[in-house]
Amino acid sequence: MIKTTNPYNGLTIKEYPMHTDKKVDQILNDSNAAFNDWKSESIAYRTELLSKVSELLLERKQNYAELMTQEMGKPITQSISEIEKCAWTCDFYVKNAEKFLSDEVIETDADESFISNDPMGIILAIMPWNFPFWQVIRFAAPTLTTGNTALLKHATNVTGCGLAIEQLFKDAGYPKGCFQTVLTDHEKIEEMIADERIQGVTLTGSEKAGKAIAQLAGKHLKKSVMELGGNNACIVWEDADLEKHIKTMAKARMQNTGQSCIAAKRFIVVDAIYDKFVSAFKEYVQLMKSGDPMETDTELGVMARKDLADTLEEQIRESVNQGAKVTYGNRRKDNYFEPTLLEGVTIGMPAFDEEVFGPVAAIVRAKNREDAINLATNSKFGLGTMLFTTDIESARKVVGDIPDGAFFINEMVKSDPRLPFGGTKTSGYGRELSKEGMLEFVNKKTVYIKT
């Protein structure tokens with residue numbers, strides 16, 4: 001059985017029986033059978049159904065948001081925003097799918113030659129709990145619209161969300177087997193990746209999970225996309241407009257109670273503005289309201305699970321043992337973790353080297369701009385970096401020095417359906433969203449014709 005629990009009050013929400021081996025095999029058969037018909041449907045028909053998904057998301061956003069908040073503790077206003085973003089992404093692909101998937105004509109000595117973007121088959125998605133709808137929709141919307149079918153293995157603590165998304169696609173009119181949620185364990189996932197009916201696998205999750213799934217995908221020669229953890233740097237140069245941007249910086253760390261791969265985790269602040277930054281950041285964080293995530297004025301909810309809070313507590317403890325200082329917060333009660341500021345963070349501490357998944361801001365003092373860039377890029381992760389400055393020309397010059405998948409100037413790193421999203425180094429490979437994401441799971445077939 002799978003049991004979901006409300007992290008705010010500890011109450012059991014629901015229990016679900018895991019799928020038997022026979023049921024999983026039937027799900028695979030249904031998905032495979034659906035693909036044989038779905039791949040031949042017109043893009044216009046597929047986008048018509050996707051448009052219906054968008055409509056239903058908005059119609060049901062309060063119910064979906066409440067389910068999300070109950071299962072993983074996200075503040076309700078952020079849950080509603082997540083559903084709205086899912087609908088926006090569907091609308092983006094409704095508008096652009098035909099253009100993205102059109103044949104690309106190439107001039108050769110043939111009478112006609114082009115690249116055809118053909119669907120591959122069943123794509124397995126292994127998704128995390130922190131954005132239970134968004135992570136799934138940003139995969140499913142483009143992947144289904146290319147003509148693939150999709151299977152979802154969701155995090156067990158958001159099983160209700162996973163099943164709700166399956167029902168969403170059914171209610172939108174998608175044929176049987178197009179999108180299905182699998183309730184199974186990691187051992188069965190290994191068998192599924194090996195199954196010849198599965199043609200590709202995508203995972204959003206931790207570095208550890210990514211390495212395990214990427215290894216399996218490689219072993220069985222399956223195309224894979226890995227969107228993994230991050231240790232994003234927020235660089236603050238001495239000319240940053242704190243009055244204008246401190247709210248954005250704080251939100252970049254504390255949104256979703258700090259449980260985001262693209263959150264600003266290391267604040268690398270030039271010495272000349274360090275004290276001013278810390279004062280402004282602390283002042284803003286103190287004003288953020290913690291409490292019941294179902295209340296609309298709550299800005300900070302609870303950690304999604306006890307073990308996550310335990311890990312966060314240990315990372316802070318070890319960093320303090322190595323010389324860091326807690327200058328605000330660090331009080332915990334059950335799954336609630338108070339927003340925390342760690343100063344004196346240096347290379348080698350967990351707060352600098354590891355992904356710290358919670359409402360903890362690690363603040364690092366840099367000598368100057370060059371030192372700040374060097375510190376920011378001193379990481380095994382490569383998901384995203386943000387830089388705050390009024391000197392845009394100098395900021396442009398360091399774009400090439402940032403080896404991450406994204407570089408945001410005077411804004412928090414965030415995903416946008418119009419732009420590719422993904423990382424480098426141990427933050428993974430491949431891209432989601434935009435045209436690039438839509439073409440990850442297609443067979444780019446060369447077609448060459450002589451009459």
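For the chain, which DSSP H helices look membrane-span-like by this rule: Cα extent along the axis of 15 Å or more and mean Kyte-Doolittle of at least 0.0?
Span-like helices here: 43-59, 134-145, 159-171.
Could you line up TRP88, TRP38 from fewest to most neighbouring Cβ atoms inside 10 Å?
Ranked by crowding around the Cβ, least crowded first: TRP88, TRP38.
Around PHE407, which amide H atoms from residues at least 5 apart in sequence, or from another chain, sit under 5 Å from its own amide H, with H modelled in the peptide plane?
Hits under the 5 Å cutoff: THR385.
Restricting the count to DSSP beta bridges whose residues both fall in the chain, what percent are antiparallel, rounded to a multiple of 5?
Expressed as a percentage, antiparallel bridges in the chain total about 40.
If I take every Cα pair under 8 Å that is 6 or more residues apart in the chain, average their sequence separation and divide by the length, what percent do I get for the relative contact order?
Relative contact order for the chain comes out at 19 percent.
Once you put a point 7 Å from the Cα of LYS444 and another 7 Å from the Cα of LYS306, both along the Cβ direction, what distance in nm separates them?
4.9 nm
Based on Cβ point charges of +1 for Lys and Arg and -1 for Asp and Glu, what charge dipole magnitude is obtained for the range 233-418 about its Cα centre, in debye rounded to the nearest 20? Present the calculation step by step, with values, prior to reporting the outcome.
On the way: 24 positive and 30 negative charges, 20 e Å.
Computed charge dipole of the range 233-418: roughly 100 debye.
Considering the values [x] 46, 24, 20; [y] 37, 22, 20; [z] 38, 27, 19, which represents semi-axes √(5λ) of the Cα gyration tensor in Å as calculated for the structure under consideration?
Matching entry in [x] 46, 24, 20; [y] 37, 22, 20; [z] 38, 27, 19: [z].
Quick check for me: using +1 on Lys/Arg Cβ and -1 on Asp/Glu Cβ, what's the dipole size of the chain about its Cα centre, in debye to the nearest 20?
500 debye
For the range 159-297, with only Lys/Arg (+1) and Asp/Glu (-1) charged at the beta-carbon, what is the dipole magnitude about the Cα centre, in debye rounded to 20?
In total the dipole reaches around 300 debye.
From the square roots a ≥ b ≥ c of the eigenvalues of the alpha-carbon gyration tensor of the range 233-418, which class results: rounded (a/c under 1.5), prolate (a/b over b/c), or oblate?
Prolate shape, in that a/c is at least 1.5 and a/b is the bigger ratio.
Given the Cα-Cα distance of ASN36 and ASP271 and 0.36 nm per residue of separation, how much length would full extension add, in nm?
This chain segment gains 78.5 nm when fully extended.
Which loop trypsin sites (Lys or Arg not before Pro) in the range 376-451, with loop taken from DSSP, have no more than 14 other Cβ atoms within 10 angstrom of their Cβ? Please list the in-between numbers first.
Working: sites: LYS380, ARG396, LYS397, LYS414, ARG418, LYS425, ARG431, LYS435, LYS444, LYS445, LYS450; in loops: LYS380, LYS414, ARG418, ARG431, LYS450.
Those satisfying the criteria are LYS380, ARG418, LYS450.
Normalising by the residue count of the range 233-418, find the relative contact order in percent from Cα pairs under 8 Å and 6+ residues apart.
30 percent
Every number in this text was worked out from the coordinates using simple rules, so none of it is lab data. Everything quoted here is computed from the prediction, not taken from an experiment. Ideal geometry is used to build each Cβ from the backbone, glycine not excepted, and the neighbour counts take in all protein chains shown.
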